[in-house]
1. How big is the charge dipole of region 85-145 about its Cα centre, in debye rounded to the nearest 20, if each Lys and Arg gets +1 on its Cβ and each Asp and Glu gets -1 on its Cβ?
2. Mind checking the dipole of the chain: about its Cα centre, +1 per Lys or Arg Cβ, -1 per Asp or Glu Cβ, Debye to the nearest 20?
3. Go through region 78-83 residue by residue and turn each phi into a ³J(HN,Hα) via Karplus (6.51, -1.76, 1.60, θ = phi - 60°); whole Hz please, and just put x for glycine and proline.
4. Please report 56, 140 as a ranked list, fewest other C-beta atoms within 10 angstrom at the top and most at the bottom.
5. For the chain, treating each Cα as an identical point scatterer without solvent, what Debye log10 I(q)/I(0) comes out at q = 0.08, 0.13, 0.14, 0.15 1/Å?
6. In nm, to one decimal, how far is the modelled label at residue 66 from the one at residue 213, with both set 7 Å along Cα→Cβ?
Amino acid sequence: MIDLGKFRRSLQKRREFVRRIRAVDSVVLAPPGYSGGVKSLYTVCGWLGSLGKSTIQPFDGSHLVHWFAHRCEINQNNYKPDLVVYPAIHPINMGEEVFHLCCAFGKYKRIESHADLVVCKSPDTLVWLKEQNPKLRCVIVKPSIQRSLFEYDGRPKKEQICYMTRSHKFPETASQLRERYGNKVVEIVNQPEAVVAEMLKDAKVFVWRGNDKEGSPRPPKEALVAGCVVVGLNDDLNSRFYTDFGLKCSTVEELVGKAGEALRMPMPGVRERAVVRDSAEEKKDWVRLIRSLKVKRSVQRRAQG
């Protein structure tokens with residue numbers, strides 16, 4: 001007579017064994033600070049947690065960031081990863097037994113040769129990667145935002161122009177806007193993500209100025225989903241960065257003027273806001289990508305060969 005309890009326990013052990021064989025354990029290196037790249041690395045860490053263990057290794061080794069909500073844990077060095085995910089600015093090499101996935105979320109640094117795969121977020125970055133090394137193994141994972149956090153909720157819009165001020169991203173534009181529009185200008189400086197979402201939902205206009213090194217910046221996409229009229233330069237709002245929307249200007253002078261005109265324009269409708277991808281879709285792409293790599297098999301082959 002079959003002992004059903006013993007059979008179930010045996011089946012559960014087998015399932016756990018198979019799960020661990022298929023699991024991919026990872027470590028994600030991430031710097032501190034307020035940037036879209038940091039948010040992207042933490043988000044990837046969370047997604048990889050559905051495939052196995054996944055933790056954050058901070059650059060300084062001591063603490064995680066807290067300006068956005070996440071469930072990531074700090075790496076305690078209590079397991080050996082199959083996969084390491086790192087930004088191009090910090091090209092760690094953990095040896096041939098680990099699969100190295102480099103995140104080129106912008107054109108900040110040349111890719112080191114030990115990268116097994118490079119993930120970027122825009123056609124512009126992909127072209128730059130191929131120019132530096134045509135043989136580089138690269139793939140675009142189309143970017144997204146957490147739409148539920150930024151989704152416009154129907155509140156009355158205020159006569160406000162938001163500008164995300166950064167010391168390395170044209171802070172003089174904030175001064176130009178304030179000279180023209182006074183206290184209608186609201187600067188966003190190092191605020192928690194949830195606070196930024198509320199500020200954007202309140203504001204009528206969002207002015208964006210990026211730089212030529214960025215991959216696919218989050219702020220203009222977040223602002224659009226929050227119901228802002230986005231105003232930016234032609235070089236910043238285009239399909240090369242997946243930001244092909246908003247009022248596009250040829251000069252900074254025109255941009256400052258259009259910001260005021262945008263206060264009188266209707267807010268973007270549901271269809272216009274729908275062009276921004278949700279993070280649930282990007283998660284599927286990342287999980288599919290990692291599974292397709294057969295990371296453990298690749299690592300084993302290299303170690304044996």
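Since every read-out is calculated from the coordinates, none of them should be taken as a lab result. Predicted model, so just to flag it, every value in this text is computed and none were measured. Neighbour counts run over all protein chains shown; Cβ positions are idealised from the backbone, glycine included.
1. Working: 8 positive and 6 negative charges, 61 e Å.
That gives a dipole near 300 debye.
2. On the way: 52 positive and 35 negative charges, 330 e Å.
For the chain, the charge dipole is close to 1580 debye.
3. My calculation for region 78-83 gives 10, 7, 9, x, 8, 9 Hz in order.
4. Starting with the residue having the fewest Cβ neighbours, the order is 140, 56.
5. The computed values of log10 I(q)/I(0) come out as -0.42, -0.94, -1.06, -1.17.
6. 2.9
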